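**Q** Before I ask anything, here is the structure I am working with.
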Amino acid sequence: MQRHRARRLHYDFRLEIDGVLASWAVPKGPTLDPGVRRAAIHVEDHPLEYFDFEGVIPAGEYGGGDVIVWDLGSWEPHGTDDPGAAVAAGELHVDLHGEKLRGRFVLIRTGRGRSAGGGGGGAGGDGGKEQWLLLHKHDDDAIEGWDPEDHPRSVLSGRTNDEVRADPYRQWRSGLPADQASQPVRRSAASPQAAGPGAGDPEAAGPGAAGSARRHIDPAREAELLALDTLGSGGMWEVFGRQLRVTNLDKVLFPPLPGEEPVTKRDLLRYSATVAPLLVSYLAGRALNMHRFPNGAGSPGFWHKELPSHAPKWLPRWDNPEAKAGESRTYLVVEEPAALLWAANFGAIEWHGWTSRVDRPDLPDYALIDLDPGEGTSWEDLLILARLHRTALDHLGVRARAKVTGRRGMQIWIPIERGPTFEATRGWVEQLSRTVGAVVPELVSWKWNVTERGGRARLDYTQNVRNKTLVAPYSPRPAPGAPVSAPIDWEELDDPDLRPDAFTIRSVGSRIAERGDLFDPVLDHDQRLPPLA
Ligand code: MN
C-alpha cells in the first residue's frame, strides 16, 4: 500500500497476483472501520518491482508526485485459491497481515466509471475504469473510527510524504524497464550543513580524542578485522569462532554525509564486529526483529522477523510457541556475537530486540518512554521533554537511561523486574508521561489524529506492547552517514552540542572507548516501578 500524492492524494492498494501487482487507487485510503466503505478505482496492473518503491515520480510523468510505502506485509485470499479469477469476477476477500492493515478486507466491483480519472495520477482518457468498494469486515482487527491519515509515516523509512518529497532517495522513471526504473537521486556532496562526523560529540572533539578509532577494539579482534579488509568482494570470514559467508562487501549501504566516503557493507560489518559483544548483552534471550535494507539505506527496507530457512544451523533461534496470526514462528536470538554479524551480512542494518525475553514473551522487563517529535517539534522542545522526564524519574528514584535515536527523537529505557504485564507497564508509562506532558501542554499532543496533533510531540507509551520494539542501543539507522542510536549521560541533556543524529558508526567507537557503555545500567532488571500518586 503506497500513499501517493499525484494530482490528488490517494492510496494505492496492491496485491501480488499471478506475477503482477493488481492495483486499486483508493482516494480516501483504507480503513479498519467496518462501518465505512471506501471507493476504489481498479487501475492497471503494476510491475512487481514497484511494490516497495518510495521516492518521487518526475512531474509530467505518469503519476508524477511523491510516494511512500505506507504499509507492507503478506496476504492470503479467503474463500478462493484463484484470486486472479476472483478479481475478474468482481469480488475478492483477503486477509491482510500488514504493519498497519490487518484482518479481512473485501474488494467488490460496483460498476464502471463514467469517464477517466482514476484516483489521481492516472493516465486517464481510456474510457473509464472499474469502480470498486473496499471495506473491512467485522473481526478482531476492526477498529471503529480508524483513519489512515492518523498513521502518515512510511513503514520502511519512517518518513512522511513531505519528508520524502523534500529529500527523495529514489525516483521512478517509468520510461525505463521496471527493473531499472527505480533510480537513485543524485545527492549533492557540497551541502551547506557540512558538520562533520564528530559534530555534537564532545568527546570526539575534545583533546586526545583524535587517536585511533579502533583503540577500543579487543586485540584479538584485530586479526579478524584485518582478514575482513583483505577479503575481496566476499568470501568466508572467520570471526568470533564462526565461519561466516559474507557477500557484496563493497556495496554502498549508506549514502555519505557531506565530505565523507559512503558507508559500505564492509564498514557495517567492521562496526558490527566492534559492538557485537556489547549488543549480546542487550539482545541475548530476546527475539530479534531485523529491519533489513538489502539495497542500502537509500532504498526501502523490510521488517524481517522470521529467520529464513537457509540460515546457518548454528544460529541461535527461538521457535515462538504461541505465534499469533501474522506473527513469525522462528526468530533469531543474538546469543553470541557472530549471530549479529550474520544479521548484518543479511542486510539487517537496524536491530530491534523484544522488550520481553523468550521464556516469558508476555512479560516485559523494560518500560519504554518514546519521545516522538512532531513535525513542529524542535530539538530544544524535545530536550525540554527529556529533562522533565529526567526530573520525574529522579524524583521517583527510578533508574533509567536515555539514548538518542540517530534520527530526530530520544528514548528512555527503564529496566524492571519481570512481573507486571505489558498493560500495567504501559499504564504506568502513560500516567508518568501525562503528568510530565501537563507541565508543557503546548509541546505535547495526545491526539492520534496527526492533523489535530498540530505538529506537536507525542509521548508514545503505546510502545509497551508484546512484539513492539524500539531500536537497540548502538544500532545503525537507515540514513546518510550511518547514524547510530547512541546512549547518553543524563547530564548531556544540558550540553548545547548534543544532537539526536550526530553519532555515526564511524564516530561512536571512540565515544565508547572514552565513556564506556553509558547504557550499561539498564541491564540490571532489579527494580519495581513505584506507584504513582
Ligand atoms: Mn498512484
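The values are calculated or read from the model by the stated rules, or taken from the named source; none is laboratory data. None of the values given here were measured: they were computed from a predicted structure. FYI the Cβ positions are ideal-geometry reconstructions off the backbone, even for glycines, and counts take in every protein chain you see. Calculation scope for accessible area: heavy atoms of the full protein, side chains included, ligands and nucleic acids excluded. Shrake-Rupley method; radii C 1.70, N 1.55, O 1.52, S 1.80 Å.
**Q** Which residues, taken from the range 3-46, are open to solvent by 50 Å² or more (accessible area, probe 1.4 Å), within 11 Å of the ligand (Cβ to nearest atom) and not in a loop (DSSP other than H, G, I, E, B)?
**A** Once the filter is applied, which keeps residues that are open to solvent by 50 Å² or more (accessible area, probe 1.4 Å), within 11 Å of the ligand (Cβ to nearest atom) and not in a loop (DSSP other than H, G, I, E, B), the range 3-46 yields Arg5, Leu9, Glu44.
**Q** Right, something else. Checking Asp126 against (1) out of contact with any Gly (no Cβ under 7 Å at 6 or more places or on another chain); (2) modelled with pLDDT of 85 or more; (3) of a type in the set (D, E, K, R); (4) within 16 Å of the ligand (Cβ to nearest atom): exactly one of these is not met. Which one?
**A** (2)
**Q** Residues in the range 347-366: is at least one surrounded by 20 or more Cβ atoms within 10 Å (Cβ to Cβ) and farther than 19 Å from Ala284 by Cα?
**A** Checked the range 347-366: at least one residue is surrounded by 20 or more Cβ atoms within 10 Å (Cβ to Cβ) and farther than 19 Å from Ala284 by Cα.
**Q** Ok, one more. Checking the structure you have, find out if any residue of the range 444-451 is open to solvent by less than 30 Å² (accessible area, probe 1.4 Å) and not in a loop (DSSP other than H, G, I, E, B). Step through it out loud before you land on a result.
**A** Start the filter on the range 444-451 by keeping residues that are open to solvent by less than 30 Å² (accessible area, probe 1.4 Å), which leaves 444-445.
Now drop any that are not not in a loop (DSSP other than H, G, I, E, B), which leaves 444.
Checked the range 444-451: at least one residue is open to solvent by less than 30 Å² (accessible area, probe 1.4 Å) and not in a loop (DSSP other than H, G, I, E, B).
**Q** Out of all the residues in the range 154-164, which are among the charged types (D, E, K, R) and modelled with pLDDT under 90? If you could, list the steps in order and put the result at the bottom.
**A** Filtering the range 154-164 for residues among the charged types (D, E, K, R) gives 159, 162-163.
Those that are among the charged types (D, E, K, R) and modelled with pLDDT under 90: Arg159, Glu163.
**Q** Here is a follow-up. Residues that are open to solvent by 10 Å² or more (accessible area, probe 1.4 Å) and not acidic (Asp, Glu): which strands (runs of 3 or more DSSP E) entirely in the range 231-346 hold 3 or more of them? Let's see the steps before the verdict.
**A** Numbers: elements: 235-239, 242-246, 252-254, 288-292, 302-304, 317-319, 330-332.
Fully inside the range 231-346 and qualifying: 242-246, 302-304.
**Q** Only one of these is modelled with pLDDT of 95 or more, farther than 30 Å from Asp267 by Cα and in a helix (DSSP H, G or I): Arg418, Arg399, Arg387. Name it. First the steps, then the outcome.
**A** Details: Arg418 fails: in a helix (DSSP H, G or I); Arg399 fails: in a helix (DSSP H, G or I).
Answer to the check: Arg387.
**Q** Name the residues in the range 129-183 that are assigned to a loop (DSSP other than H, G, I, E, B), among the aromatic types (Phe, Trp, Tyr) and touching a Gly at 6+ places or on another chain (Cβ under 8 Å), would you? Explain how you work it out, then say what you get.
**A** Our first condition is that a residue be assigned to a loop (DSSP other than H, G, I, E, B); within the range 129-183, this holds for 129, 137-147, 151-160, 167-169, 173-177, 181.
Restricting the remaining residues to those that are among the aromatic types (Phe, Trp, Tyr) gives 146, 169.
Within the range 129-183, Tyr169 is the sole residue that qualifies.
**Q** Looking at (1) at pLDDT 95 or above; (2) away from the ligand (no atom under 16 Å from the Cβ), which is the one condition that is false for Ser74?
**A** Just one mismatch for Ser74, condition (1).
**Q** Right, something else. Please verify whether the range 469-486 includes one or more residues that are of a type outside the set (Phe, Trp, Tyr) and open to solvent by 40 Å² or more (accessible area, probe 1.4 Å). Steps first, please.
**A** Start the filter on the range 469-486 by keeping residues that are of a type outside the set (Phe, Trp, Tyr), which leaves 469-473, 475-486.
From what's left, open to solvent by 40 Å² or more (accessible area, probe 1.4 Å): none.
No - not one qualifying residue is present in the range 469-486.
**Q** Considering only the range 494-509, how many residues are of a type in the set (Gly, Ala, Ser) and closer than 14 Å to Ala402 by Cα? Working first, answer last.
**A** Residues of the range 494-509 of a type in the set (Gly, Ala, Ser): 502, 507, 509.
Next, from what is left, pick out any that are closer than 14 Å to Ala402 by Cα: none.
So the count comes out to 0.
**Q** From the list Gly397, Gly427, which residue is under 24 Å from Asp526 (Cβ atoms), open to solvent by 50 Å² or more (accessible area, probe 1.4 Å) and among the small types (Gly, Ala, Ser)? Walk me through it before giving the result.
**A** Working: Gly427 fails: open to solvent by 50 Å² or more (accessible area, probe 1.4 Å).
Checking each option against the conditions leaves just Gly397.
**Q** State whether one or more residues within the range 333-340 are of a type outside the set (S, T, N, Q), within 23 Å of Gly481 (Cα to Cα) and in contact (Cβ under 8 Å) with a residue 12 or more places away in the chain. Steps first, answer last, please.
**A** Kept after step one, since they are of a type outside the set (S, T, N, Q), are these residues of the range 333-340: 333-340.
Filter once more, keeping what is within 23 Å of Gly481 (Cα to Cα): 340.
In the following step, the residues that additionally are in contact (Cβ under 8 Å) with a residue 12 or more places away in the chain were identified as 340.
Yes, the conditions are met somewhere in the range 333-340.
**Q** Look at Gly374 and say whether it is more than 19 Å from Pro521 (Cβ to Cβ), in contact with a helix residue (DSSP H, G or I) (Cβ under 7 Å, 6 or more places away or on another chain) and part of a loop (DSSP other than H, G, I, E, B). Spell out how you get there, then give the answer.
**A** Details: more than 19 Å from Pro521 (Cβ to Cβ): yes; in contact with a helix residue (DSSP H, G or I) (Cβ under 7 Å, 6 or more places away or on another chain): yes; part of a loop (DSSP other than H, G, I, E, B): yes.
For Gly374, the condition - more than 19 Å from Pro521 (Cβ to Cβ), in contact with a helix residue (DSSP H, G or I) (Cβ under 7 Å, 6 or more places away or on another chain) and part of a loop (DSSP other than H, G, I, E, B) - is met.
**Q** Sort out which residues of the range 58-71 are open to solvent by less than 10 Å² (accessible area, probe 1.4 Å) and near the ligand (Cβ under 9 Å from one of its atoms), and write them in order of number.
**A** Kept after step one, since they are open to solvent by less than 10 Å² (accessible area, probe 1.4 Å), are these residues of the range 58-71: 63, 66-71.
Gly63, Val67 - these are the residues of the range 58-71 that are open to solvent by less than 10 Å² (accessible area, probe 1.4 Å) and near the ligand (Cβ under 9 Å from one of its atoms).
**Q** If only one of Leu388, Leu382, Leu393 is more than 16 Å from Asp495 (Cα to Cα) and assigned by TED's automatic domain parsing to the domain that holds Glu452, which one is it?
**A** Details: Leu388 fails: more than 16 Å from Asp495 (Cα to Cα); Leu382 fails: more than 16 Å from Asp495 (Cα to Cα).
Exactly one residue qualifies, and that residue is Leu393.
**Q** May I pose another question? State whether the residues of the range 49-67 include one that is in the same structural domain as His97 (by TED's automatic domain parsing) and modelled with pLDDT of 95 or more. First the steps, then the outcome.
**A** In the first step, residues of the range 49-67 are kept if they are in the same structural domain as His97 (by TED's automatic domain parsing); the result is 49-67.
So of that shortlist, the ones also modelled with pLDDT of 95 or more come out as 66-67.
Yes: the range 49-67 contains one or more residues that are in the same structural domain as His97 (by TED's automatic domain parsing) and modelled with pLDDT of 95 or more.
**Q** Can I ask one more? Please go through the range 96-114 and pick out each residue that is surrounded by 14 or more Cβ atoms within 10 Å (Cβ to Cβ), without any contact (Cβ under 8 Å) to a residue 40 or more places away in the chain and over 20 Å from the mean Cα position of the chain (by Cα).
**A** To start, the set of residues in the range 96-114 that are surrounded by 14 or more Cβ atoms within 10 Å (Cβ to Cβ) comprises 96-109, 113.
Remaining after also requiring without any contact (Cβ under 8 Å) to a residue 40 or more places away in the chain: 96, 104, 106, 108.
Once the filter is applied, which keeps residues that are surrounded by 14 or more Cβ atoms within 10 Å (Cβ to Cβ), without any contact (Cβ under 8 Å) to a residue 40 or more places away in the chain and over 20 Å from the mean Cα position of the chain (by Cα), the range 96-114 yields Arg104, Val106, Ile108.
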